[in-house]
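Asker: This structure is in C-alpha cells; I'll ask about it shortly.
The values are calculated or read from the model by the stated rules, or taken from the named source; none is laboratory data. Given the structure is predicted, the values throughout are model-derived calculations rather than measurements. Note that each Cβ is placed from the backbone with ideal geometry, even for glycine, and that neighbours are counted across all protein chains shown. Surface accessibility is based on the protein's heavy atoms, side chains included, excluding ligands, DNA and RNA. Shrake-Rupley method; radii C 1.70, N 1.55, O 1.52, S 1.80 Å.
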Amino acid sequence: MSSSPWYQTAIFYELYVRAFQDSNGDGHGDLRGVIERMDYLANLGIDCIWLLPTYPSPLVDDGYDIADYYNVHPDYGDLQDYRDLIEAAHARGIRVIADLVMNHTSDQHPWFQASRRRVEPFTDFYVWSDTDEKYSDARIIFLDTESSNWAWDELRGQYYWHRFYSQQPDLNFDNPAVQQEMLDIARFWLDMGLDGFRADAVPYLFEREGTNCENLPETHAYLKRLRAFVDAHYPQALLLCEANQWPEDVRAYFGGDPNDPAAPGDEFHMCFHFPVMPRLYMALRRGDRSPVVQIMERTPAIPPNCQWCTFLRNHDELTLEMVTEVERQWMWTQYAPEPRMRLNLGIRRRLAPLLDNDRRKIELMNSLLFTLPGAPILYYGDEIGMGDNIWLPDRMGVRTPMQWDDSANAGFSSANKTYAPVIDDPVFGYQRVNVAAQQADPDSLYHVIRRFITVYKAQPALALGELRFLEHPNPSLLGFERVYNDQRLLCLHNLSDSPIELSTPAAHDLLTGADLPPGSLTLPPYGHRWLALSAPDATRQRAQRTVR
Ligand code: BGC
C-alpha cells in the first residue's frame, strides 16, 4: 500500500480464543480452532489478529489475571499450538499480536504466593503497605465489585495494592527485578514469532503519593525502556497501548517530542483512541456531528511513525470514563435503558443491539470506523452483527460463541455444553445471524464490511490522510475529507433519519464503483458515501477545519 510501517495501514481483528472455534469438543474455543478458521480471517481481509489473553489463569478476570506468563491455558492448547497459530497466520500474510498484562498478575501467580511469604527475591514484587490509606487519590476502576484499591493479606499481615479485582495484585515496578521480568516475558513471545503486544492497562504501573497514580513520569520512562528493547531486537514488532485517557494524556504514550511534529515516537507505535468511541454513539443518537468534531479537534498530532487505533466495541463494557457525568447519564438512558445493561462506568452490549439492529446505523458506524483517522479494529462477531446476552456475569455477555452456521452450537463446538450459551434469541440467534448465511447473501453486513476492508486497503488516504471536516449548515451531516498526496476522499455520513441534499463535484463512488457527475446528491437517512474526488473542487473551499 505504501512504504509506511505496516501497522499504520493495517486492519485489526480482536479475537477471543475461547469464543472462536472449539477444535476438540470440550466446549471451549482453542488455538487449534483459530487455526481451523484462519482462512475465514484471510478472506475477510484483516491484517492483524489481536488475541485476548491465553495464559494459564484462574480466570477471575477471564485471563487478564495471569498465573504464568510463559505458557498457555490448558483450555486453549499448548505452546506448540501457539507457534502453529502464528505460522498459520503468517502463511496468509496475517500478523498476530497478543495481550501483555504488565500491571498485575493473578493472586495465584507463584510470585505473589512467594511474596506473601516474604520469600526472596519476590518479597517486593508487589506493592505492600501496613495501611490502606496510601495513594488515596487513585480512583477505583471496577466500581461495581471493589470498594478499595487495597486488600488485606492475612498471611503477610499487610495490605496489597490492586487497581482491578482484588485477585489481581499490582506488580511493583519500582523493583528493578519486576522491570526486567517484563522484558524477559516480551522477549519470550517475540522470539516465538509474535508480532507485538496490546499492552494492557499501562497508565497504572507506578504509584506516587499525592497523585492519581496514572500516567506518571516513571511509567513513561519504563515504557520507553520497553520500546527501546523491542526496537533493538524486534524492529518490526508493534506495541499498542491501552490507556483509557483523554487525547492529550494519551499523546504522551507515543513519546517523541510534542513540540516537534517530525520527531519520531519512542514509546508506543499505536494507542487506542478511547474518547472518540462514545462520541460516535452520541453523535448518532443526537443527530449532531459536534461531539465527534470536537474530540477530533482536541486530538493532538502524533509522531509520523505512529498511528491511532479506533474501535466501536471490544471485549469490555463500552466505557464511559472519558465523557462528562451529564453525558454518561444521557448515554445510559439512551443505550442502556435496563439496569442490567450497565456495568461499572459503561454499557455491556454489543454493536448491533446498541444500534437497534438497524442495518443503516450499523453500516454508518462502521463507515465512520473505517474513514476517520486511526487503524480500525473489528471485534469478532460484529462483522455479522452478533447480539449479546446481558444476563451473563461481568462482561461475558459480549463474549459468547462465534456464530458460524445454523447447526447445533452455531458450528462453534460439538460439545453438549459450551463455556457460555450460544445466542439463541429470535433476533440475534445463530439460526438467523451466522457467517454461512451472510457469506451466501451478497447483501449481508458481512459483505459490506468486507467491501469496506477492500476499499480501505486500496485507498491510503483512509489510513494516512489528513482530516478536514466539512462545514455544513445541517448538523446531522458528518462529512470530512481525507487527503493524502494527490488523493482526496470525501466521506459523507448522515446522522439523522431525514435525507440530506448536498452538492458534490464530479466524483467516483468507491463503494458502488459508480462515476458521479457534478451535481446534487441525496444522502438517505443514516446513509454514508465514500467519494474519490477527481479534480480540485468546491468542497475544498468549504472544508475549512483541518485536523492533524
Ligand atoms: C482489559 C480488561 C481487564 C483489565 C484488567 C483492561 O484494560 O481490557 O478486560 O479486565 O484491563 O486487566
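Asker: Would any residue of the stretch 22-45 have its amide N under 15 Å from a label point 7 Å out along Cα→Cβ of LYS417? List them or say none.
Answerer: Under 15 Å, as judged by backbone N against the label point of LYS417, lie 26-28 of the stretch 22-45.
Asker: Taking only DSSP H segments of four or more residues, each worth -39500 (n - 2.57), what value at 222 nm results for the chain once the sum is divided by all its residues, to the nearest 500 deg cm²/dmol?
Answerer: Details: 17 runs with 153 residues, N = 548.
Computed ellipticity for the chain at 222 nm equals -8000 deg cm²/dmol.
Asker: Using the per-residue mean of other Cβ atoms lying within 10 Å as a proxy for protection, in what order, highest first, do the peptides 259-265, 291-297 fall?
Answerer: Per-residue mean Cβ counts within 10 Å order the peptides as 291-297, 259-265.
Asker: Provide the per residue accessible area, probe 1.4 Å, for the stretch 466-546, rounded to a whole number of square angstrom. Kindly include the intermediate steps, with their values, before the conclusion.
Answerer: Numbers: 3530 Å² over 81 residues.
With all protein chains present, the stretch 466-546 gives 44 Å² per residue.
Asker: Quick check on the stretch 466-546: take the gyration tensor over C-alpha atoms, sort the square-rooted eigenvalues as a ≥ b ≥ c, and tell me if it's rounded (a/c under 1.5), prolate or oblate. It would help to have the intermediate numbers written out before the result.
Answerer: Values: a/c = 1.66, a/b = 1.20, b/c = 1.38.
Verdict is oblate for the stretch 466-546.
Asker: Relative contact order, percent, of the stretch 466-546 when contacts are C-alpha pairs under 8 Å separated by at least 6 residues? If you can, show how the numbers build up before the last one.
Answerer: Details: 182 pairs, mean separation 27.8, N = 81.
Over the stretch 466-546, the number comes to 34 percent.
Asker: Using the crude model of +1 on Lys and Arg Cβ and -1 on Asp and Glu Cβ, and no other charge, please compute the dipole size for the chain relative to its Cα centre, in debye to 20.
Answerer: That gives the chain a dipole magnitude of about 1600 debye.
Asker: Now for a separate question. What relative contact order, as a whole-number percentage, does the chain give when Cα pairs under 8 Å and 6 or more residues apart are counted? Before the final figure, lay out each step's value.
Answerer: Details: 1165 pairs, mean separation 67.8, N = 548.
Once normalised by length, the contact order is 12 percent.
Asker: Of MET282, TYR204, ASN344, which is farthest towards the positive pole of the stretch 204-352's charge dipole, taken about the Cα centre with +1 and -1 on the beta-carbons of Lys, Arg and Asp, Glu respectively?
Answerer: MET282
Asker: For the stretch 232-297, how big is Rg over Rh, using alpha carbon atoms and the Kirkwood form of Rh? The partial results should precede the final answer.
Answerer: Numbers: Rg = 14.8 Å, Rh = 13.5 Å.
For the stretch 232-297, the value is 1.09.
Asker: Taking Cα atoms, how many degrees apart are the long axis of helix 176-192 and the longest axis of the chain, rounded to 10 and kept between 0 and 90?
Answerer: 50 degrees
Asker: Now a separate question. Calculate, in nm to one decimal, what ARG208 and SER4 gain on full extension: separation in residues at 0.36 nm each, minus their alpha carbon distance. Walk me through the intermediate numbers first.
Answerer: Numbers: separation 204, 0.36 × 204 = 73.44 nm, distance 3.84 nm.
Answer, rounded to one decimal: 69.6 nm.
Asker: Tell me, what ³J(HN,Hα) does each residue in the stretch 356-366 have, in order and in whole Hz, if you take phi through Karplus 6.51 cos²θ - 1.76 cosθ + 1.60 with θ = phi - 60° and put x for Gly and Pro?
Answerer: 6, 6, 8, 3, 4, 6, 5, 5, 4, 5, 5
Asker: Protein chains only, probe 1.4 Å: how do TRP330, TRP391 rank by accessible area, largest first? All intermediate terms of the calculation are to be shown ahead of the outcome.
Answerer: On the way: TRP330 70, TRP391 175 Å².
Sorted by accessible area, descending: TRP391, TRP330.
Asker: Please sort by residue number the trypsin sites (Lys or Arg not before Pro) in the stretch 1-86 whose DSSP state is loop and whose Cβ has at most 10 other Cβ atoms within 10 Å.
Answerer: Working: sites: ARG18, ARG32, ARG37, ARG83; in loops: ARG37.
In loop regions of the stretch 1-86 (DSSP not H, G, I, E or B), there are no sparsely surrounded trypsin sites (Lys or Arg not before Pro).
Asker: Tilt of helix 276-286 relative to the longest C-alpha principal axis of the chain, in degrees (0 to 90, nearest 10)?
Answerer: 50 degrees
Asker: I've got another one for you. Whole angstrom only: what separates the Cα centroid of the stretch 1-32 from the Cα centroid of the stretch 463-505?
Answerer: 32 Å
Asker: Continuing with this model, one more query. Cα-based Rg (one decimal) and Dmax (whole number) for the chain, in Å?
Answerer: 23.2, 77
Asker: What is the spread of the Cα atoms of the stretch 271-407 along each of their three principal axes, largest first, in whole Å?
Answerer: If we take the Cα atoms of the stretch 271-407, the spans are 47, 34, 27 Å.
Asker: Unpartnered cysteines of the chain (Cβ-Cβ under 4.7 Å counts as a partner)?
Answerer: Cysteines lacking a close Cβ partner in the chain: CYS48, CYS213, CYS306, CYS309, CYS491.
Asker: How much solvent-accessible surface does GLU154 expose, in Å² to the nearest 10, with a 1.4 Å probe and all protein chains in place?
Answerer: Roughly 140 Å² of GLU154 is accessible to a 1.4 Å probe.
Asker: On a full-extension model of 0.36 nm per residue, what is the gain between THR333 and TYR484, subtracting their alpha-carbon distance, rounded to one decimal in nm? Walk me through the numbers before you get to the answer.
Answerer: On the way: separation 151, 0.36 × 151 = 54.36 nm, distance 3.98 nm.
Contour length minus the Cα-Cα distance gives 50.4 nm.
Asker: Now for a separate question. So for the pair ASP497, ALA221, with labels modelled 7 Å out along Cα→Cβ, what separation do we get in nm?
Answerer: Placing both labels 7 Å beyond Cα along the Cβ direction yields 5.7 nm.
Asker: Among TYR13, LEU467, LEU238, whose Cα lies farthest out toward the positive end of the dipole of the chain, if unit charges sit on the beta carbon of Lys, Arg (+1) and Asp, Glu (-1)?
Answerer: LEU467
Asker: Please give the length that would be gained between SER290 and ASN24 if that part of the chain were fully extended, namely 0.36 nm times their separation in residues minus their C-alpha to C-alpha distance (nm, one decimal).
Answerer: Values: separation 266, 0.36 × 266 = 95.76 nm, distance 4.98 nm.
Residue separation times 0.36 nm, minus the Cα-Cα distance, leaves 90.8 nm.
Asker: Leaving ligands, DNA and RNA out of it, report the carbon-plus-sulfur percent of the accessible area of the chain at a 1.4 Å probe. Before the final figure, lay out the partial values.
Answerer: Working: 9580 of 19360 Å².
Whole-percent figure for carbon plus sulfur exposure: 49.
Asker: Which value, in debye to the nearest 20, gives the size of the charge dipole of the stretch 276-414 about its Cα centre, when Lys and Arg are +1 and Asp and Glu are -1 at the Cβ? Walk me through the intermediate numbers first.
Answerer: Working: 17 positive and 17 negative charges, 56 e Å.
Approximately 260 debye in magnitude.
Asker: Hey, if you put +1 on the Cβ of every Lys and Arg and -1 on every Asp and Glu Cβ in the stretch 359-466, which of SER414, LEU369, GLY381 ends up farthest toward the positive end of that dipole?
Answerer: LEU369
Asker: How far is helix 79-91 tilted off the main Cα axis of the chain, in degrees rounded to 10, range 0 to 90?
Answerer: On a 0 to 90 degree scale, this one is about 20.
Asker: Turning to a different aspect of this structure: Taking Cα pairs under 8 Å and at least six residues apart, what relative contact order does the stretch 311-445 come out at, in percent?
Answerer: Values: 185 pairs, mean separation 30.6, N = 135.
Relative contact order comes out at 23 percent.
Asker: Suppose we keep just the alpha-carbon trace of the stretch 393-543; what are its Rg and Dmax in angstrom?
Answerer: My reading of the Cα-based Rg and Dmax gives 20.3, 63 Å.
Asker: Taking only protein heavy atoms into account and a 1.4 Å probe, give the accessible area per residue of the stretch 1-88 in Å².
Answerer: Working: 2570 Å² over 88 residues.
Accessible area per residue, the stretch 1-88: 29 Å².
Asker: Under a straight-distance cross-link criterion of Cα-Cα below 20 Å, which lysines are reachable from LYS224, leaving out those fewer than 8 residues away in the same chain?
Answerer: none
Asker: Kindly state, to the nearest 0.05, the FRET efficiency for ASN305 paired with ALA408, given R0 = 56 Å and r defined as their beta-carbon distance. Let's see the in-between values first.
Answerer: Values: r = 48 Å, r/R0 = 0.86.
After rounding to 0.05, the efficiency reads 0.70.
Asker: Using only the Cα atoms of the stretch 395-454, each taken as one equal point scatterer with no solvent, compute I(q) by the Debye sum, divide by I(0), and report log10 of the ratio at q = 0.17 Å⁻¹.
Answerer: -0.60
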